[in-house]
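Each remark here refers to the structure printed beneath this line.
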Ligand code: FAD
């Protein structure tokens with residue numbers, strides 16, 4: 001049957017990439033279809049129910065700044081919020097929330113169901129209709145044909161998925177879900193480079209069988225952070241503790257004893273696993289000298305007894321899983337509700353994509369999420385939003401858009417993938433960004449919301465809140481600049497009392513904020529700001545703590561204290577922008593560049609960089625090699 005409606009954008013897969021992709025396209029006014037295996041699993045968290053963390057919260061806040069759903073869903077579902085790296089500089093601070101799995105799914109589903117221009121349809125997509133080199137439609141498992149201008153594929157771990165528990169294995173997309181076999185075969189017919197990766201998850205534990213009294217409680221932060229720029233503590237459900245315990249030598253002996261039945265160590269699994277989220281058997285093997293590893297015991301939700309033991313992901317046989325769990329303090333009588341497992345799946349080399357996430361070989365076909373070799377909900381969501389946006393722009397016959405490395409972590413993510421490719425599951429870290437001070441989680445809205453508005457991603461309510469915040473920052477900055485303290489005045493005396501600092505000459509408060517020992521909070525106490533009209537009612541929680549005022553103060557403090565560093569990064573960005581502007585034509589002849597080593601030449605041929613700056617980011621391509629490319633380009637130009 002041919003479905004009687006033609007779509008602008010069809011998104012295949014209702015995970016974290018797919019939901020953001022579908023929402024972005026629909027927000028832009030595109031007729032959008034979200035086609036997924038199962039409506040009940042929309043927004044499902046396959047692994048740990050936690051959002052954010054180092055590098056990842058930056059992506060979540062960028063999704064939020066561009067109107068996406070992840071951050072607000074986290075505020076509606078988060079049962080424990082913390083700021084990681086809170087004692088370090090603002091560039092690396094990261095908000096993390098433990099979420100109630102069911103509440104998170106419900107929050108995402110509510111956004112999807114209430115989104116205009118978005119249809120949802122439950123069924124497996126088995127085939128793509130490709131005419132010439134352009135995708136034109138999708139065919140489902142029961143033969144329903146959908147016509148569309150563009151397709152976004154976000155199939156996660158499902159393509160050719162194989163689940164392993166010990167030496168047992170079976171086909172599956174994730175525990176309890178079917179794999180995507182027909183579509184995987186169809187995609188393997190396309191001229192795209194395909195590989196296998198693997199990831200894993202720990203066994204889940206019944207809290208009724210756990211002794212928390214011997215574990216260390218880990219409460220959330222006070223004051224409690226919020227995830228979304230539109231978030232409020234009033235959205236948060238009841239808050240609970242997480243817990244910490246440890247593996248020990250007995251645990252490690254049990255694991256070593258089971259390695260001869262490990263699918264990873266007997267070579268049954270060929271796919272490469274996530275380096276930064278290794279299985280417990282991997283950790284014992286790689287860090288053989290360590291006697292103990294931390295295990296975070298995290299609740300899966302408010303209305304379930306299931307626990308997620310973060311740190312013991314494993315695909316060892318079930319009897320070994322049970323013994324290793326029961327060797328851990330506090331879990332001596334633990335009951336496992338779901339065994340841990342590993343999953344192997346197809347991914348496509350992201351070097352075959354453009355920065356808009358459109359494939360280079362099939363026009364109007366976009367890929368986002370785990371299919372591109374990444375791991376993590378946040379990485380998936382950011383790509384989904386970008387792919388959905390670009391599919392929408394294509395359908396509307398507009399130029400594509402993507403953020404650059406100095407604009408967003410999303411830009412870093414996409415540029416890393418497209419320029420370098422990946423041979424292991426890629427996750428985001430702050431260390432991957434060269435302009436960390438510019439790309440903070442706290443200023444994601446300043447970096448992106450205006451662009452999001454222009455692209456049609458940001459609705460009126462978000463735009464109004466953003467403008468109010470910017471106005472409040474400008475007004476408070478002006479007030480601090482206009483408030484003078486004179487030596488010998490009452491204000492100066494109070495200043496010394498509060499800060500222990502002397503005032504030797506007349507200064508305005510903004511100037512005083514430059515001093516490392518002076519904080520905005522002290523200045524606000526010295527000379528309290530009025531609550532700006534524009535912020536009345538915004539972000540105030542039941543306890544009367546004004547989130548909006550805190551944020552305004554924080555923004556001014558960061559802007560003043562880090563101005564020098566940010567300016568220097570800005571100059572470097574300008575220098576690199578010149579290189580970014582120098583395009584390397586697709587047929588560029590690297591053999592004609594004199595002085596390049598064979599190794600560098602090969603790397604450039606494999607990487608196919610689109611600009612000189614991208615060439616410079618390929619590992620092993622030296623600044624000297626970039627200069628040679630520039631000379632050749634200029635000669636040709
Ligand atoms: P998914 O969330 O997997 O969503 C894919 C969606 O596509 C699903 O809704 C599926 O039903 C649908 N779909 C697939 N094929 C079709 C089709 N043909 N037709 C219709 N619908 C289809 N991340 C970490 O950061 N750390 C970890 O340790 C970690 N461990 C993991 C362990 C396991 C076992 C699994 C399964 C995942 C793990 N993840 C981990 C990864 C995390 O779950 C993913 O990165 C994230 O969910 C990817 O989002 P996605 O949208 O790309 O895909």
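Every number in this text was worked out from the coordinates using simple rules, so none of it is lab data. Since the structure is predicted, the reported quantities are computational estimates derived from the model, not experimental observations. All Cβ positions, even for glycine, are placed from backbone atoms using ideal geometry, and neighbour counts span all protein chains on display.
A few notes on this one:
- Sorting the segments 418-425, 508-515, 196-203 by their residues' average number of neighbouring beta-carbon atoms within 10 angstrom, most packed first, yields 196-203, 418-425, 508-515.
- Sequence of 617, 87 once ranked by neighbouring C-beta atoms within 10 Å, starting from the fewest: 87, 617
- Taking the number of Cβ atoms within 10 Å of each Cβ as an exposure proxy, the fewest-first ranking of 238, 344, 557, 40 is 238, 40, 557, 344.
- Cα gyration tensor shape of region 344-392, rounded if a/c is under 1.5, else prolate or oblate by comparing a/b with b/c: oblate
- Normalised by the number of residues in the chain, the average gap of Cα pairs under 8 Å and 6 or more apart makes the relative contact order 17 percent.
- Region 34-67 and region 152-229 have their alpha-carbon centroids 13 Å apart.
- Across the alpha-carbon set of region 204-248, the Rg to Rh ratio works out to 1.10, Rh being the Kirkwood radius.
- Taking other C-beta atoms within 10 angstrom as a stand-in for reagent exposure, 269, 181 fall in the order 181, 269, fewest first.
- Cα gyration tensor, region 1-59 - rounded (a/c under 1.5), prolate or oblate: oblate
- Anisotropy class of region 104-150 from Cα gyration tensor, a/c 1.5 cut: prolate
- By the Kirkwood approach, averaging reciprocal distances over each pair of separate Cα atoms, the chain gets a hydrodynamic radius of 26.3 Å.
- By the compact-protein rule of thumb, 2.2 N^0.38 Å, the alpha-carbon radius of gyration of region 316-359 corresponds to a ratio of 2.10.
- Alpha-carbon centroids, region 353-406 and region 428-505: separation in whole Å: 32
- Over the chain: helical MRE at 222 nm, DSSP H runs n ≥ 4 each giving -39500 (n - 2.57), nearest 500: -11000 deg cm²/dmol
- On the principal axes of its alpha carbon atoms, region 292-404 extends 61, 29, 24 Å, with the longest extent given first.
- Cα centroid separation, region 264-292 to region 556-608: 35 Å.
- Mean separation of Cα contacts under 8 Å, 6 or more apart, over the residue count of region 142-196: relative contact order %: 25
- Peptide ranges 12-23, 143-154 listed from the most packed, as the mean C-beta count within 10 angstrom indicates: 12-23, 143-154
- Our summary gives region 344-495 a relative contact order of 19 percent, counting only alpha carbon pairs under 8 angstrom and 6 or more residues apart.
- Region 146-230: C-alpha pair distances exceeding 20 Å, %: 62
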